[in-house]
Amino acid sequence: MATKQFKAESKRLLDLMIHSIYTHKEIFLRELISNASDAIDKLYYRALSENITGLSRDDFAITLTIDKGNRTLTVSDNGCGMTKEELENNLGTIAKSGSLAFKKENEAKDDIDIIGQFGVGFYSAFMVADEVKVISRSYQGDEAWCWQSKGSEGYTISSAEKDSHGTDIVLKIKESSDEENYDEFLDQYRIESLVKKYSDYIRYPIKMEKTKSRKKEDSDEYESYTEVETLNSMVPIWKKNKNEVSHEDYCQFYKDKFFDYNDPLRVIHSSTEGASTYNALLFIPEKPAFDYYSRDFEKGLQLYASGVLIMDKCADLLPDCFSFVRGLVDSQDLSLNISREMLQHDRQLKLIESRLEKKIKSELLSMLKNDREKYETFWKGFGRQIKYGLYSSFGANSELLSDLLLFYSSSEKKLSTLEEYVGRMPEGQKYIYYACGDSLERIDQLPQAELVKDKGYEILYFTEDVDEFVTKMMPVYKEKEFRSVSADDLGLENEEEKEETQKQQEENKDLFGAIKEALGERVEEVRLSRRLKNAACCLTAKGQVSLEMERVLNAMPGEQKVKAERVLELNPDHEIFPILQKLYPDHPEVLADYAELLYAQALIREGMLPEDPTAFSAVLCRLMEQKEK
Ligand code: ADP
């Protein structure tokens, strides 16, 4: 029989398993038992949806068998089983399993740790066995097959005998050595304690034939007898009372089930009775999954109907803005063979969704209030999603999400909520000021912000693409309007000052006109500015599209480009201003060169480059030469 090779990734994981350190080896049992449980789930669910008769929930079980003489431990289930092709596809490669994706993401981290903290599936069997046989018969056929492997060399598949559907995993336990004791995996008490430790919540009985001894009747002698015992309590963790479940239990459950390496930041465990009866167990992860911000990410909660898994990712249970939440809902009110299409219109589901939405929000708020550090960790990973949630609902979610927002504050030098910002607003401050830029440092240097800062007003720093768009959808918070430091009217001038500006603007009209002419299409207008203190000039935009929005929108794929209507603003109090006044109208060429320099420096301070660097260099050189003359 030909020996087949494992796919490359599988081989790597396999090598890792075989050479893993000893203390983590025991988790192989948990892995095999959860596979067995999944296989039963699958069969049970399919039986319901495909109308397969003759199966009763009570018949399902996972059986552990120890054979000390042959050094084997067998994990059997009467679940869906595997066809020959499935054996080949599922056990010949792990490319599809969550483990690999996880490993890719964490390539740099210690391999060993991954094994301890994170489920690695079927291959973990090779941590304790030097040979593994998988005898399986699919519920769809009557042929059985035996997959067999001694590890990295490869595997064989041959025909086998099996009376009914399901899978037997037979582990040939390694010999103990001076350093490592494998005999314990042939010890019934040790196996029993591992089941209790890792697999207690499994919803099917895990049975084992135990050898016990008792005193013979009318004699002092002992005799041994065997008895089949169920080792697990079978109560799923979400059906237990909160006070029966430790934080560690929740964390372990989360990591096993949702393939995360980190503990969740928060656990929400709730049971609700009334209009809709359900248990929910939700987790707020610490960090986004590697594919979270990609198109491939699929949101959703596991959905159980009376303890039976009916859907792995039920999207309708989770609002988009909270798509990072992992977890499950178990409801008695749902029918077991409800179809996906029907689920979408299910009233119960909508009801549950809106309750969960409130729950998640209040959990996040409580984290924000009581555990700021944790909340900021959360914000780092998922703040963007919350903002998108606000934006993409066209503001409809403002009430739900606005209190969860954090922005960096110019005066506090740390993240601040809007509520905190508004609370600090001195009397007379009309607006919530913000400034956009790609980093905190750059925003700090923005000339546009000078006056607002000088007035002692706080500015929120918008460093993410989505930030300014959020304010377009939610223009007002607690009756305070958002205002960009680049906006036309900052609400800082009184009538007198306004008049003065107007007057000066009028007096210099021709100068501004000449500069505008020199710059051509690149700017819409050149005008006098009151927002500048130290800088000579800055760039702002008229109309709806800000410079920041222009950048963000144009970075998106698509033909249509937008253009901000740029305005070059000049500071009348800067030393350069009288020089410009002097140049006009007698030296139009020099004024034109100066216009280039002013425009270029304003661009650079915005983090942009002059459109034509060659022309810009030429201007610089020309002016340097002139200085020499
Ligand atoms: P994962 O469980 O993460 O998908 P595994 O390596 O543990 O990865 O298992 C690979 C696949 O093999 C499973 O997804 C499942 O389809 C199949 N499998 C494993 N054990 C069993 C079993 N006892 N019965 C039926 N199928 C199984």
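The values are calculated or read from the model by the stated rules, or taken from the named source; none is laboratory data. Everything quoted here is computed from the prediction, not taken from an experiment. When we count neighbours, we look across all protein chains shown, and the Cβ atoms used for this are built from the backbone with ideal geometry, even at glycine. Note: accessible area is taken over every heavy atom of the protein model, side chains too, but ligands, DNA and RNA are not part of it. Shrake-Rupley method; radii C 1.70, N 1.55, O 1.52, S 1.80 Å.
Subtracting the Cα-Cα distance of Thr65 and Cys621 from 0.36 nm times their residue separation leaves 191.5 nm of extension gain.
Quick check for you: which residues of region 368-392 have the amide N under 17 Å from the point 7 Å beyond the Cα of Lys414 toward its beta carbon? Backbone N within reach: 368-380. Magnitude of the charge dipole for region 499-629, about its Cα centre and with charges confined to Cβ atoms of Lys, Arg (+1) and Asp, Glu (-1), is about 300 debye.
The gain in end-to-end length when the Asp130 to Glu86 segment is fully stretched comes to 13.6 nm, 0.36 nm per residue minus the alpha carbon separation.
Which value at 222 nm does the chain reach when only helices count, each DSSP H run of 4 or more adding -39,500 (n - 2.57), with the total divided by all residues and rounded to the nearest 500 deg cm²/dmol?
Calculated at 222 nm, the ellipticity per residue is -11500 deg cm²/dmol.
Rg and Dmax of region 237-376, both derived from C-alpha coordinates alone, stand at 14.7, 44 Å. Legend: distances between Cα atoms for Lys374/Lys413; Lys287/Lys478; Lys358/Lys387; Lys472/Lys542; Lys313/Lys350; pairs beyond 20 Å are Lys287/Lys478. With the simple spin-label model, which puts each label point 7 Å out from Cα in the Cβ direction, the Glu175 to Lys42 separation comes to 3.6 nm. Helix 613-628 and the longest principal axis of the Cα set of the chain meet at an angle near 40°. Counting only Cβ charges, +1 for Lys and Arg and -1 for Asp and Glu, the dipole size of the chain around its Cα centre is about 720 debye.
In degrees between 0 and 90, to the nearest 10, how far off the longest principal axis of the chain does helix 27-49 point, with axes built from Cα atoms? Roughly 90 degrees between the two axes. Taking the C-alpha atoms only, the angle from helix 188-199 to the longest principal axis of the chain is near 30 degrees. Once both labels are positioned 7 Å from their Cα atoms along Cα-to-Cβ, the gap between Asp333 and Lys358 label points is 1.3 nm.
Classify region 285-336 from the C-alpha gyration tensor, please: rounded if a/c falls under 1.5, else prolate or oblate depending on whether a/b exceeds b/c. Judged from the Cα gyration tensor, region 285-336 comes out prolate (a/c at least 1.5, a/b above b/c).
Per-residue extension of 0.36 nm, minus the Cα-Cα distance of Glu143 and Ser164, leaves a gain of 6.6 nm for this segment.
Mean silhouette area of region 406-484, derived from the convex hull of its C-alpha atoms and averaged over all directions, reads 4.7 nm². Annotation for region 216-232 versus region 353-416: alpha-carbon center distance of 60 Å. When nucleic acids and ligands are ignored and a 1.4 Å probe is applied, Lys42 ends up with an accessible area of around 100 Å². What figure in square angstrom, to the nearest 10, would you give for the accessible area of Lys313 with a 1.4 Å probe? Its heavy atoms expose roughly 70 Å² to the probe. Beta-bridge orientation, the chain: approximately 80 percent antiparallel, per DSSP, counting only bridges with both partners inside. For Trp379, the solvent-accessible surface with a 1.4 Å probe is about 20 Å², rounded to the nearest 10.
Note on Lys582: lysines with a C-alpha under 23 Å away, same-chain residues under 8 apart excluded, are Lys503, Lys509, Lys516, Lys533, Lys627, Lys629. Evaluating kT/(6 pi eta Rh) at 20 °C and 1.002 mPa s, with the Kirkwood radius of the chain over Cα pairs in the Stokes-Einstein relation, gives 72 µm² s⁻¹. A 1.4 Å probe run over the chain, with the rest of the protein chains in place, finds 50 Å² accessible per residue.
Under 5 Å between amide hydrogens, built in the peptide plane, is the criterion, and for Asp200 it picks out nothing among residues at least 5 positions away or on other chains.
Carbon and sulfur together cover what percent of the accessible area of the chain at a 1.4 Å probe radius?
Accessible surface attributable to carbon and sulfur in the chain totals 46 percent.
With a Förster radius of 45 Å, plug the Cβ-Cβ distance of Asp612 and Glu298 into 1/(1 + (r/R0)^6) and report the FRET value to the nearest 0.05. About 0.45, to the nearest 0.05.
The loop-placed trypsin sites (Lys or Arg not before Pro) in region 185-219, going by DSSP, that have at most 15 neighbouring Cβ atoms within 10 Å of their Cβ come out as Lys216.
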